Structure formats: C-alpha cells, structure tokens
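Only one structure is covered here, and it is reproduced in the block below.
The values are calculated or read from the model by the stated rules, or taken from the named source; none is laboratory data. Every value quoted in this text rests on a predicted model; they were computed, and no experiment measured them. Cβ placement follows ideal geometry from the backbone for every residue including glycine, while neighbour counts extend to all protein chains displayed. Calculation scope for accessible area: heavy atoms of the full protein, side chains included, ligands and nucleic acids excluded. Shrake-Rupley method; radii C 1.70, N 1.55, O 1.52, S 1.80 Å.
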Amino acid sequence: MTSPSTPKTPSVPTGQPRVSIKGASKSFGDSVVLNGIDLDVEVGEVAVLIGPSGAGKSTLLRCINGLERLTAGSVEIDGVRLQYREAALNRMREHVGMVFQSFNLFPHLTAIENVMMAQMSVSKRSSADARERASALLARVGLEDKTESYPSALSGGQQQRVAIARALAMSPKLMLFDEPTSALDPELVGEVLQVMRELADDGMTMVVVTHEMRFARQVADRVILLADGGIVEEGAPEKVLDNPESDRAKAFLRQIESGG
Ligand SMILES: Nc1ncnc2c1ncn2[C@@H]1O[C@H](COP(=O)(O)OP(=O)(O)OP(=O)(O)O)[C@@H](O)[C@H]1O
Ligand SMILES: [Mg+2]
C-alpha cells in the first residue's frame, strides 16, 4: 500500500462535531426508514455503522451528503446546515467524499484521469496540477504503477482504491464509505481495508458502513447499530460487539456470527 514505514498514530476524536444529525427521519411513501435519529460524528472520529439489511444504513449515509432528502430533522456539517439547493449541495459535496460498493469509475478514462477529473471540473485546477496530485494520491493507495490503466484492466480492489484516491483528490474533510469491500473477492478485501485504516490513522473523519467486524474492532472509535429506524446500540467496538445491552443488538450479532 503506502509506505510500510508510515508511523501509525491512533485517530483522535476531538470532541468537535464534524457531522451533527438531529431528529433525522426519512420515509419512502408510507415506509418509515429512519425515525428520528440523533447522531454526532466528531472531527477525527471513525464511526462504523452496522445493522440488518434494510435498516437504513445507506439511506443515512446518503442523507448526510444530500443524495437523499430528509423528511424531517437536520444534518449539519461543521455547523453548516445541509441545504438542498443545487449550488449549496455542490459546495458541501466538495468537502464530503463518498465511496460506494460499486466503484463507479469512468470506464473510458485511465486511473489517473479518473482521479484528475473532478479536480479540473469542480476545483478548476490546471491539468498539470491535477495530474501531480492524482499521481501522489495513486501512490498513496499503492497504485503508482497503474496510473495509465483503464478500469477494465484493474482488479476490483485496485478499482476501489482508485475510487478512494478520486474522493481524496477533493481534500474532503469527511469520507463516507458504503460497504466498500462487499463487491470484492475475499482476497482483495484486505488491500482496501488497509488503505482505509491508513486514512483513519491520518486523522480523517469517516463514517463507514461495513460487515467487516475485524475492521470495526481495529479501526472504529465507535460502532453504531442501526435497526428498526433507529440507533439501538452505540459505543466502543468492544462494548457494542461483545457486550451489547439490547436484545435487538444481541439478535443481530448472533445472526452475523452465524454468517447469516
Ligand atoms: N429510493 C428509494 N425508494 C424507496 N424505498 C427505498 C429507497 N431507498 C431505500 N429504500 C428502502 O429503505 C429501506 C432502507 O434501505 P437502505 O438501502 O438504506 O438499507 P441498508 O441498511 O443500507 O441495507 P443493506 O444492508 O441491504 O444495504 C429499505 O426498505 C429500502 O427498500
Ligand atoms: Mg446499504
């Protein structure tokens, strides 16, 4: 990945909210998916969201960056309330990177062009500046030798690392990950998690939806279990994963332990 000699510093939540979600509700028609969620994520914190399929994990992430509109409640990023006007959304998204399960790279662009694109179109960087930054970011995710490859010539893990580099190119202050390793062959999961671990060590504020419990244990400052429209349990990984209080959490954890 990146230089193996990079010193590891634990991420340090700072007590200052980067994301502040208050009374967030989201319905699709008659179906209530999120029912009054309150959640703050601090600067430098890594929050891992877990929960059963359909619990609303993706919906919550999408509400944080305005891809979905809350039915009620509010989202603030660094104290600025999310507004749904196009210009305000675009400004906010410059600071919020999102990585999806499907890598969503442009197939007709090389790795480096994928990482250069938004820098030029959104941030108005010159092609030379964008290329230099893209090159450094691809090296950071261990892909210095793949800069000129098209996505079709890259493995899933490599494509996902390009997608992470692309998100980082905008210098986000918050990164959202929605099951970034779920579409990968098992042997490729580790290389993507390693890049995410290094990001966390570098102090990035991250909200991560994942089923990778080992990653949650090692990297999360806080694990948040979402079910039935709300947060049913949250706290340090050991607490939530090993000593859950609620029956709902116990049932969910039994289910994932048995692989179901
Ligand atoms: N655009 C939409 N229109 C209607 N219903 C939706 C829409 N997006 C999500 N839903 C519904 O909202 C609920 C929560 O979906 P969401 O994708 O957020 O769950 P999830 O926790 O991410 O699940 P998974 O673990 O399977 O990814 C589901 O019942 C889903 O069908
Ligand atoms: Mg989902």
(request) If a/c stays under 1.5 just call it rounded; otherwise compare a/b with b/c (prolate if a/b is bigger, oblate if not). Do that for the stretch 49-120, with a ≥ b ≥ c from the square roots of the Cα gyration tensor eigenvalues. (result) oblate
(request) Please work out whether the stretch 1-159 counts as rounded, prolate or oblate from its C-alpha gyration tensor, where a ≥ b ≥ c are the square roots of the eigenvalues and a/c under 1.5 means rounded, while otherwise a/b larger than b/c means prolate and anything else oblate? (result) prolate
(request) Starting at the first residue of the stretch 19-30, write each ³J(HN,Hα) from the Karplus equation 6.51 cos²θ - 1.76 cosθ + 1.60 with θ = phi - 60°, in whole Hz, x for Gly and Pro. (result) 10, 10, 10, 10, x, 6, 10, 9, 10, 10, x, 7
(message) Given contacts defined as C-alpha pairs under 8 Å and at least six residues apart, what's the relative contact order of the stretch 1-141, whole-number percent?
(response) 22
(request) Over the stretch 94-143, average the accessible area per residue using a 1.4 Å probe and give it in Å², no decimals. (result) 48
(request) Rank 85, 222, 62 by mean-square fluctuation in a GNM of the chain with C-alpha springs under 10 angstrom and give only the top-ranked residue. (result) 85
(request) Evaluate the relative contact order of the chain (contact order divided by residue number), counting alpha-carbon pairs under 8 angstrom at least 6 apart; express in whole percent. (result) 26
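For the stretch 96-243, rounded, prolate or oblate, judged on the Cα gyration tensor with a ≥ b ≥ c (square roots of eigenvalues), a/c < 1.5 rounded, else prolate if a/b > b/c?
Prolate, since a/c reaches 1.5 and a/b exceeds b/c.
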(message) Tell me the net charge near residue 47. Cut-off is 11 Å between Cβ atoms, residue 47 excluded, with +1 for each Lys or Arg and -1 for each Asp or Glu.
(response) -3
(request) Rounded to whole Å and sorted largest first, list the principal axis extents of the Cα atoms in the stretch 127-207. (result) 36, 31, 17
(message) Just to be sure I follow the rule: in the chain, considering lysines 8 or more places apart or on different chains, how many pairs have Cα atoms under 29 Å apart?
(response) 19
(request) Please compute the net charge surrounding residue 116, taking Lys and Arg as +1 and Asp and Glu as -1 over other residues with Cβ under 13 Å from its Cβ. (result) +1
(message) If you average the alpha carbon positions of the stretch 163-213 and of the stretch 39-87, how far apart do those two centres end up, in angstrom?
(response) 17
